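*Asks:* The following block contains the structure, expressed as structure tokens.
Each value in this text was obtained by applying a stated rule to the coordinates, not by laboratory testing. This structure is a prediction, so every number in the text was calculated from the model and none was measured. Every residue, glycine as well, gets a Cβ built from its backbone with ideal geometry; the counts of neighbours run over all protein chains shown.
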Amino acid sequence: MHNTIRQIDICIISDVHLGTYGCKSHELLNYLDSIDPEILILNGDIIDGWQFSKRYFPRSHFHVLQKILSFITEGKTVYYITGNHDEFLRKFKGFTFGNLHLVNHLILDLDNKKHWIFHGDIFDYTMKHSKWVAKLGGKGYDLLILINTFLNWCSKQVGRGKISLSKRVKDSVKGVINHVESFEEIAASHAIDQGYDTVICGHIHKPQMRTIETKSGKVNYLNSGDWVENLTALEYVDNTWHLIDFSKNEIERSSKDDELLMSDSYNSLIQELFGTAISKLK
């Protein structure tokens, strides 16, 4: 547990993907326990409707939802901005329950500067024109994260450090790099055209803070990253945005949770993915 709780004005997290094997729910819980935000912005893909299965939604994922609800009951303002993986919530746009507001985008005036906050999938060509390809990629990504988690568990047993297969793939594929750069440029260009000072997205799992300049002007581009690979969040404190990297924090996790993860959850998924082949190897 954290000894001190930091008070911040605004916290933005995105791409948590609750209900998937890649979600770092324990780490996220530790992070949320360490802060006391006046405003919490959930910038899309918090619950993964694409990969959701009744077979897998562990206790720690419920605890994340409970923690968010506790912020609401404590009087904090919580905005849930819908993303592509939780697009099933978009038909409830405008729903308000106490301090919880469900929206598709958010505009905030902070320190006399206009901030445009949205998930970002509207600027993703694949999402707009080939959603089935994106969903197929989502399943492949979740499988890659699963394999990566298993390899890291094995690596830990022999005293070695963590590796990230997905990051290595992304960093080595030129098309992915170009996609990220294109996404950032398009988002920035639209923000400049609309007269915003800052644009804040999620979606591409690439934490970022930089100024993007075009022929029409310039804008501050921010991306909150994700809680699958990067474990990052955006915090607004004393009129300044900060990109928080929580990946290096030691995470408290009970051995019972690990045993459940490596037995029930992993065995059932491995059986589903690889059929009866794994049983023949026993």
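*Asks:* Each label point is 7 Å from the Cα along the Cα-to-Cβ direction; what then is the distance between the points at Lys93 and Asp238, in nm?
*Replies:* Placing both labels 7 Å beyond Cα along the Cβ direction yields 3.8 nm.
*Asks:* Just to confirm the filter: which trypsin sites (Lys or Arg not before Pro) across segment 7-66 are DSSP coil and have at most 11 other Cβ within 10 angstrom of their Cβ?
*Replies:* Lys54, Arg55
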